[in-house]
Each structure stands twice: as structure tokens, then as C-alpha cells.
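Peer 1: Can you keep this structure in mind? I'll have questions shortly.
The values are calculated or read from the model by the stated rules, or taken from the named source; none is laboratory data. As the structure is a prediction and not an experimental result, all values here were calculated from the model. All Cβ positions, even for glycine, are placed from backbone atoms using ideal geometry, and neighbour counts span all protein chains on display. SASA here: full protein model, heavy atoms, side chains in, ligands and nucleic acids out. Shrake-Rupley method; radii C 1.70, N 1.55, O 1.52, S 1.80 Å.
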Amino acid sequence: ELLLLNKRAKMHVRKILISFLLVVIVLPGILYASFEDLEIGARATSISGAFTAQGDDISTVFYNPAGIGRLRRYEFMASNEKLFSGLSDGSSLGRSIIAFGMQLNIRGVYWGNIAFALDSLSLSGVYSERRKSLGYGRLMKENIWAGIIIKQFSIGYESDNYTSLNPVFDVGTEASAM
């Protein structure tokens, strides 16, 4: 009887372990598929986002701050995109990007490279995301770069027919007759 109980316990543990592994393996793929990851820059888009280790232009400020150290001249990037045109509800989803990077040469002494970037995503005045980035990169040794980046993220919501029906967007005020 003890042997049978031990066998049942092992079977129960095995089922729990298999269920847990399935959730851990399958669920992230399902959740990630809910959002579309949009690359920034022509080179990153052309290689499907596999850009992090190869960054040597200004778009590296969005991927890997150490790549900022590989800039060899002034670089500027600007983009204004209308995403998913022709949406059935008539909304407009847009993205604007601007980035600038340069070498810091002060009196002939190389101090590294700096970069600044703004990235904005908005949906018809209903929702907006903004990302500001300030980065620094430098060659440390031959073929070894290091970098640091400071980012500020902000999200904004406007009240309209969609958001006014959802209690998540409530401003938190309440009136009572007491």
C-alpha cells in the first residue's frame, strides 16, 4: 500500500511539473504575440531586429548604448511613420523618431561619444508613449566598447468614448450624499 501511495505521489508531481513546463514554455510566446515589436532604423529592420551587437550608427541608441562609442562622425536620424493605415475605426496610429549623436573631442582629446533620441508613438490623441534617451559610449580597449544610457518613459491617456467607459481611466474622484 505504501508503494502504491508513493507511485501515485510521483505521478501527481510529474503531472504538475509537466503542466508547469508547458505554461512556462508556451505562455510567453502567446503573450509576446499580442504586441508587435517595431524596429527602429533601416538596418535593424532589414535584419529583423538582430542589431544589438552590430550597432555602429545612430539607431544604436535604441538598442545598445555601447554602440554609441562606434560613431565616427555627426549622425542624425529622423522618421515620421503612419502605422497600420486604413484601420476600421478611422483612428490614426503614428510614430515619430529623432536622434542625434556625435564624438566628444575637446581640444583634441577624445572623451567618447554622446547621443540623444526622442521616440513618440500616438493613437489619434487617445494614447501616447514618449521615450527620451541620453547615452554615452566609448572605446575601452581594442574591439571592446562600453556605454550607458538614461531613459525617461511617459505614457498619456486622453478621455474619449473608449476610455470614459473603462474604470481604469477614472480620475479617482467620488461624491457621496453622507
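Peer 1: Report, ordered by the first and then the second residue, all pairs with beta carbons closer than 7 Å, sequence separation of six or more or different chains, a first member in region 87-114 that is modelled with pLDDT of 90 or more, and a second member that is in a strand (DSSP E or B) and exposed (fewer than 11 other Cβ atoms within 10 Å of the Cβ).
Peer 2: Within 7 Å, the pairs are S96/N80; I97/A78; I98/A78; F100/F76.
Peer 1: OK, next. In region 132-149, what residues are of a type in the set (D, E, K, R) and either touching a strand residue (DSSP E or B) at 6+ places or on another chain (Cβ under 7 Å) or open to solvent by less than 50 Å² (accessible area, probe 1.4 Å) (or both)?
Peer 2: Residues satisfying the conditions are K132, R138.
Peer 1: Can you tell me which residue among D57, D89 is surrounded by fewer than 20 Cβ atoms within 10 Å (Cβ to Cβ) and out of contact with any Lys or Arg (no Cβ under 6 Å at 6 or more places or on another chain)?
Peer 2: Details: D57 fails: surrounded by fewer than 20 Cβ atoms within 10 Å (Cβ to Cβ).
It is D89.
Peer 1: Kindly indicate whether S79 is open to solvent by less than 50 Å² (accessible area, probe 1.4 Å), part of a strand (DSSP E or B) and of a type in the set (S, T, Y).
Peer 2: Working: open to solvent by less than 50 Å² (accessible area, probe 1.4 Å): yes; part of a strand (DSSP E or B): yes; of a type in the set (S, T, Y): yes.
Against the criterion (open to solvent by less than 50 Å² (accessible area, probe 1.4 Å), part of a strand (DSSP E or B) and of a type in the set (S, T, Y)), S79 qualifies.
Peer 1: May I pose another question? Looking at region 156-167, can you tell me whether even one residue there is in a strand (DSSP E or B), at pLDDT 85 or above and open to solvent by less than 60 Å² (accessible area, probe 1.4 Å)?
Peer 2: Residues of region 156-167 that are in a strand (DSSP E or B), as a first pass: 156-157.
After this cut, where a residue has to be at pLDDT 85 or above as well, the list is none.
No, that holds for no residue.
Peer 1: Here's something else I'd like to know. Here is a list: A50, A44, A99, A117. Which entry is exposed (fewer than 14 other Cβ atoms within 10 Å of the Cβ) and under 17 Å from the mean Cα position of the chain (by Cα)? Step through it out loud before you land on a result.
Peer 2: On the way: A44 fails: exposed (fewer than 14 other Cβ atoms within 10 Å of the Cβ); A99 fails: exposed (fewer than 14 other Cβ atoms within 10 Å of the Cβ); A117 fails: exposed (fewer than 14 other Cβ atoms within 10 Å of the Cβ).
Step by step, each of A50, A44, A99, A117 is checked, and only A50 is exposed (fewer than 14 other Cβ atoms within 10 Å of the Cβ) and under 17 Å from the mean Cα position of the chain (by Cα).
Peer 1: Right, here's the next one. Among (1) open to solvent by less than 60 Å² (accessible area, probe 1.4 Å); (2) modelled with pLDDT of 90 or more, where does Y74 come up short?
Peer 2: (1)
Peer 1: A further question follows. Take the residues in region 60-71 that are open to solvent by 40 Å² or more (accessible area, probe 1.4 Å) and either among the small types (G, A, S) or closer than 17 Å to K151 by Cβ (or both), then tell me which one is nearest to the chain's Cα centre (by Cα).
Peer 2: Taking region 60-71 and keeping what is open to solvent by 40 Å² or more (accessible area, probe 1.4 Å), we get 63-64, 70.
Those still in the list that are either among the small types (G, A, S) or closer than 17 Å to K151 by Cβ (or both) too: 63-64.
Details: Y63: 9, N64: 12 Å.
Looking at residues that are open to solvent by 40 Å² or more (accessible area, probe 1.4 Å) and either among the small types (G, A, S) or closer than 17 Å to K151 by Cβ (or both), I get Y63.
Peer 1: Going by what's in this entry, would F84 be described as open to solvent by 60 Å² or more (accessible area, probe 1.4 Å) and under 30 Å from I144 (Cα atoms)? Talk me through it step by step, then tell me what you get.
Peer 2: On the way: open to solvent by 60 Å² or more (accessible area, probe 1.4 Å): yes; under 30 Å from I144 (Cα atoms): no.
So F84 fails the test.
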